[in-house]
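Below is one structure, written out as structure tokens; the observations come after it.
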Amino acid sequence: DTWRASSHSHKYYANGKKLSFQQTASGRLLNTGQTLTLGNWRGDNSNHEFGGEMVNLNFYAKELTASEVKTMADDGMCINMVVDQHEEVRLLKWEEIVKQPRSGTITEIDMTGTCASTIATKLPMIILYIKQFAAKLKKAETNLNETAEELTETQLELSEKKETELSLNLKLDNVSSQLNITLVQLNETAEKLLEVSTRLNETEKGLDRAVKELEKYNNTKNKWDWNIFLSEQFINQTVSPEQSEQIRTSWDDIAQKLVGFTITEDLIKFWKIVDCLETEGRPWSMLQSEDYLNQVLTEDLAQQLTSTWDGVSGMEILFYRANIILTLS
């Protein structure tokens, strides 16, 4: 008998000829995990005993073709006892079935004498089958060896990959630790940067306030008259601390004497003559600026005259140390 699950076809053969065909129900499969009983029914129907002979019963993992069934029948049961051409798909084997527990009346038949003459006449074919089977076995062994070698290589590659993976994991852990340290440092740097930025903003605000105060001071106070350094007593000369102090205090004793006078070129020439201070000491050229020339010197202008150069005295150390020569061209 043959049966195919995909086509649900059940075929019956006798002496290599197909006797009948039966279509089984769709979706019907062989049950697994059950007990296989030969020569009788299982359970309550165990009174259907088989009363004939059974030999060389095998179950195959494929549906044999009509040609294969006929060849098997033509070879006879004796040949199949020696060699099976479908060994690779034989699942349940006769030599294993006869070793299973038995019940009822069973008589074993000695096939040695019956099959001896048959085997002798078909010995060349049996030898050919054995050689073919040996060749298949050799090929299977070669394939098995190749598979074993591939398995060994695969295991080596797997071992190398595991080592590589372990190394990469260690590197990853190291990088992760370094990254965490870097993140902590970045956070600390960000906090410091925020502090510096805050201080910078405060400094910038302070500078803005200072600039505004300076602008306010410059708008409300008289500016220094740098033109006095164009006079012969200062130009191309080194400004010493003594000269710086002299510039700052030069108007202290004479400014009030000029209050009420209109500052003219003639007045400046006059005071240069009668000035009891050294000619090169007092910067008379300062009065020639537009802030004083042709102006009546008031108390405020006199105070401005005496205080204008107070700030210059703070530069005396710079002038002295740098030995700056004021050269104007």
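Here's the list of lysines a cross-link from LYS205 could span, going by alpha-carbon distance under 19 Å and ignoring same-chain residues fewer than 8 apart: LYS216.
Per-residue SASA remark: GLU88, around 130 Å² accessible (1.4 Å probe; ligands, DNA and RNA not included). Measuring r between the beta carbons of THR107 and GLU63 and using R0 = 30 Å, the FRET efficiency lands at 0.40.
Each Cα pair of the range 108-159 feeds into the Kirkwood radius, which the Stokes-Einstein equation turns, at 4 °C and 1.567 mPa s, into a diffusion coefficient of 91 µm²/s. Spin-label model, THR37/LEU123: points 7 Å from Cα along the beta carbon direction are separated by 4.5 nm. The residues neighbouring GLU96, those whose beta-carbon lies less than 14 Å from its own, together hold a net charge of +1 under the Lys/Arg +1, Asp/Glu -1 convention. One decimal place: the segment ALA210-MET77 gains 35.8 nm when fully extended, by the rule 0.36 nm per residue minus the C-alpha distance. Straight-line reach from LYS139: taking Cα to Cα under 22 Å and skipping same-chain neighbours fewer than 8 places apart, the lysines in range are LYS62, LYS131. With a ≥ b ≥ c the root eigenvalues of the C-alpha gyration tensor of the range 1-78, is it rounded (a/c under 1.5), prolate (a/b larger than b/c) or oblate? Because a/c hits 1.5 or more and a/b fails to exceed b/c, the range 1-78 counts as oblate. Accessible surface ranking for LEU305, LEU38, 1.4 angstrom probe, highest first: LEU38, LEU305.
The residues of the range 1-144 present an accessible area of 76 Å² per residue when probed at 1.4 Å with all protein chains retained.
The convex hull of the Cα atoms of the range 46-169, projected and averaged over all directions, covers 13.7 nm². Rounded to 0.05, the FRET efficiency of the PHE261 and LYS192 pair, given R0 = 56 Å and the Cβ-Cβ distance, is 0.30.
Under 29 Å of direct C-alpha separation, and excluding same-chain neighbours fewer than eight residues apart, LYS257 reaches these lysines: LYS221, LYS223, LYS269, LYS272. Beyond 19 Å in Cα-Cα separation lie the following of the pairs LYS11/LYS136; LYS18/LYS93; LYS11/LYS70: LYS11/LYS136; LYS18/LYS93.
Taking 0.36 nm per residue of separation and subtracting the Cα-Cα distance, what length does fully extending GLU146 through GLU160 add?
Answer, rounded to one decimal: 3.0 nm.
The values are calculated or read from the model by the stated rules, or taken from the named source; none is laboratory data. Because the structure is a prediction, the values reported are computed rather than measured. Every residue, glycine among them, receives a Cβ derived from its backbone with ideal geometry; neighbour counts consider all protein chains shown. Ligands, DNA and RNA are stripped out before the accessible areas are found, and what is left, the full protein with its side chains, is counted by its heavy atoms. Shrake-Rupley method; radii C 1.70, N 1.55, O 1.52, S 1.80 Å.
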